[in-house]
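Heads up, the thing below is written out as structure tokens.
Bear in mind that the values in this text are calculations on the coordinates, not laboratory data. Model, not experiment: these values are computed from the prediction. As a convention, Cβ positions derive from the backbone with ideal geometry for all residues, glycine included, and neighbour counts pool all protein chains shown.
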Amino acid sequence: MIRYALACSKGHTFESWFQNSAAYDKQAKRGLVECPVCGDTKVEKALMAPTLSGTKKRARPSMPAPMPAPSEAPMAAPEAPAPVAMVSPEEREFRTKLKELRDHLTKNADNVGRKFPEEARKMHYGETEHRSIYGEASPEEAKEMHDEGIEFHPLPVLPDERN
Ligand SMILES: [Zn+2]
């Protein structure tokens with residue numbers, strides 16, 4: 001639908017709705033558009049100034065369009081889909097904590113690699129001074145160390161190492 005501001009040959013201005021501009025043209029040509037004031041069918045699209053009222057009303061978008069150009073205010077275009085993720089804040093925080101712990105460990109501890117059980121034992125039995133180490137141990141080695149009362153902890157593995 002299009003709203004046109006119209007004026008008859010006597011200068012009355014009024015507004016009317018039309019299906020589209022072609023419908024207006026057709027109806028106006030066939031004399032089907034008439035002035036509500038005097039019944040004149042010689043109407044033309046008119047320039048209309050927005051009514052000025054003393055009160056500060058919000059400019060209504062339904063004000064007559066100054067030009068016949070279809071001025072239907074463009075509806076807010078639907079927003080383009082944005083990338084989304086399902087990572088909850090908790091998970092994010094957890095991940096960050098894990099990474100911090102891991103970073104801290106790897107930065108402040110010696111990487112003894114596969115010698116971890118050996119190094120851990122030496123420390124446990126007082127053969128070397130205690131220090132932070134990290135490395136690798138097979139499940140059996142881990143069990144043995146545990147049985148011997150050696151305290152160690154698995155190095156936290158990040159859920160997703162790709163980052
Ligand atoms: Zn008229």
*asked:* Give the lysines whose C-alpha is closer than 16 Å to that of Lys29, dropping any in the same chain fewer than 8 places away, or say none.
replied: Lys42, Lys45
*Sites Ser138 and Glu91, calculated FRET efficiency, Cβ-Cβ separation with R0 35 Å, nearest 0.05*: 0.70
*Eligible lysines near Lys107 by straight Cα distance, threshold 16 Å, same-chain separation 8 or greater*: Lys97, Lys99
*Go through the range 98-107 residue by residue and turn each phi into a ³J(HN,Hα) via Karplus (6.51, -1.76, 1.60, θ = phi - 60°); whole Hz please, and just put x for glycine and proline.*
4, 5, 4, 4, 4, 4, 4, 4, 5, 7
*Once amide H atoms are placed 1.01 Å from N in the peptide plane, what residues at a sequence separation of 5 or more from Lys115, or on another chain, have their amide H within under 5 Å of its amide H?*
Glu136
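With Cβ to Cβ distances under 13 Å as the rule, what net charge do the other residues near Asp147 carry (K, R +1; D, E -1)?
On the way: positive: Arg121, Lys143; negative: Glu140, Glu141, Glu144, Glu148, Glu151.
That works out to -3.
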*asked:* Please compute the modelled spin-label separation between Ala109 and Val37, points set 7 Å along Cα→Cβ, answer in nm with one decimal.
replied: 9.1
_Cα-based reach from Lys115 at 17 Å (exclusive), listing lysines while leaving out same-chain residues under 8 positions away_ = Lys143
